[in-house]
1. Is one or more of the residues making up the stretch 382-397 in contact (Cβ under 8 Å) with a residue 60 or more places away in the chain and assigned to a helix (DSSP H, G or I)?
2. Applying the selection to the stretch 391-415, what residues are under 17 Å from GLY240 (Cα atoms), of a type outside the set (Gly, Ala, Ser) and open to solvent by 30 Å² or more (accessible area, probe 1.4 Å)?
3. Just the residues that are in contact with a helix residue (DSSP H, G or I) (Cβ under 8 Å, 6 or more places away or on another chain), open to solvent by less than 10 Å² (accessible area, probe 1.4 Å) and under 16 Å from ILE5 (Cα atoms), please, taken from the stretch 141-159.
4. Could you tell me which numbered condition TYR277 fails, if it satisfies all but one of (1) over 17 Å from the mean Cα position of the chain (by Cα); (2) not in a helix (DSSP H, G or I); (3) not aliphatic (A, V, I, L, M)?
5. Which one of THR314, THR252 is hydroxyl-bearing (Ser, Thr, Tyr), part of a helix (DSSP H, G or I) and either crowded, with 22+ Cβ neighbours inside 10 Å or out of contact with any strand residue (DSSP E or B) (no Cβ under 7 Å at 6 or more places or on another chain) (or both)?
6. Taking the stretch 421-438 as the region of interest, how many residues are in contact with an Asp or Glu (Cβ under 9 Å, 6 or more places away or on another chain) and at positive phi?
7. Here's a check for you: in the stretch 1-53, which residue that is closer than 15 Å to ALA419 by Cβ, among the small types (Gly, Ala, Ser) and open to solvent by 50 Å² or more (accessible area, probe 1.4 Å) is farthest from the chain's Cα centre (by Cα)?
8. Take the stretch 124-140 and flag every residue that is open to solvent by less than 10 Å² (accessible area, probe 1.4 Å) and of a type in the set (S, T, N, Q).
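The values are calculated or read from the model by the stated rules, or taken from the named source; none is laboratory data. The structure presented is a predicted model; accordingly, all values stated were derived computationally and were not measured. Neighbour counts run over all protein chains shown; Cβ positions are idealised from the backbone, glycine included. Calculation scope for accessible area: heavy atoms of the full protein, side chains included, ligands and nucleic acids excluded. Shrake-Rupley method; radii C 1.70, N 1.55, O 1.52, S 1.80 Å.
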Amino acid sequence: MLLGIDLGTGSAKALLLATDGTAIGEASSSYPVHAPHPGWAESEPEDWWLAVASAVRKAVGNNADRVQAIALSGQMHGVVLASESGQPLRPAILWADTRSSATLNIYHSLDAAILERLGNPVTAGMAGPTLLWLREHEATVYTEARWALQPKDWLRLRMTGEVATEPSDASGTLLYDLVSDNWAREAIWALNLRSDWLPKIIPSSAIAGYLTTIASEHLGLRVGLPVIAGAADTAAAALGNGLLEPGLVQLTIGTGAQIITPRSQPIIDPHGRTHLYRTAVPNQWYSLAAMQNAGLALEWVRGILGLSWQEVYTKAFSVPPGCEGLTFLPYLTGERTPHLDPYVRGAWVGLGLHHTQAHLMRAALEGVAFALRQGFEALEATGFKATEMRLAGGGTAEMPWKQLLTDVLRIPLYATTVAAASARGAALLAGIGIGIYADANDTKKLAAAPTLAATPQSLDWVLEEAFMRYQSLYPRLKNSEKS
């Protein structure tokens, strides 16, 4: 059996997988995300360590002696500053943290050729800008730290005593050269950042170390188990869902939303609106449109309106498309694709006396769908055309919501049935790492085929006009913030 551990933003998930792809046990354990100042997002790594133990013990149950290998997936872009032994020197700074926005001008001052090789738009929350902020504001801990690690890489250090990273996480740091597939030494030198604290890069399926005695006692597993490097959560989920072939595209809706497509070559977005990262598969990349406000925005609206999720769908879909002139901009935490604007904020626009609670909720659903369409169009502008889209994530179960998504995106949606896809992808990497599977292609047969979830109905011009209205509002909102 194979164990996949996914270190998410708010919880750790563990999945015990039989080698034939059958899920034997699954569990999760949550931990808090702290915001000591507006725009900050931090977690205590020790909370991760405790939650991982709880999830692993529940998922493995009485099968500890049957676990053959472990691999990890984890939230991207964060920074854990640690001592030589892995002791965290401060709370981890997470991907959702925007404190580094003020450092982005340092990146923008780099030579254009250096920036292009990074392959990604410069955004707050990535490791490079975060490290620039730490250098300026926490010089002592910046100097004392031995390692600057991604979250899952810190967890693996705690498990094995060994330090490493792998391409899928390294490529999301803004410190990685997508052309040479290694740390971007020229950019790091130009930014005057330390390079001695960056770990060696090994393949995602390589054995990174072995479970120590202390870690084995903490997790309830056998000492000496091989621990495979693993992958960033999105890359791991792509493997878990069998999303390996260029031309396929998948939308995942959770707290945020991601639309990804694998690429056989490192195709950098000439418009600088979408991201390019390494997959968990050798010599493969993926393009990503990342929208920060999906389930996050809907949960916020649901909460302030005092609705249950069942009431959300019942009330919202009693309102006609276009919400009778009401538009919701879901930018509660700023936005990445396509605006790359950490400062923009959300709004309902066009409110009138005829609007009700149901209109507010329907407008929120439409606003998130419109944001996804903008992300999808930005992704297609990098040079591919999709004829169908896979749909994944916990926020896509209700049929009216799926129908709205397909009508807005104008593409058939196929639902995936893989649960805990990131943890599953990690478990599959564990199997590749110890030779149970020959390679990633050998795991595709273990993923169930997606099933048709929804197809676009005849073009609704009211909905199209609502989308055009939505598109026109961001520039106005941006200009009003500047005045």
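1. Within the stretch 382-397, not a single residue is in contact (Cβ under 8 Å) with a residue 60 or more places away in the chain and assigned to a helix (DSSP H, G or I).
2. Selection gives TYR414 alone.
3. Listed by number, the residues that qualify are PRO151, LYS152, ASP153, TRP154, LEU155, MET159.
4. The single condition TYR277 does not satisfy is (1).
5. Details: THR252 fails: part of a helix (DSSP H, G or I).
Going through THR314, THR252 in turn, the sole match is THR314.
6. 0
7. Among those residues, the one meeting the criterion is ALA23.
8. Answer for the stretch 124-140, where residues must be open to solvent by less than 10 Å² (accessible area, probe 1.4 Å) and of a type in the set (S, T, N, Q): just THR130.
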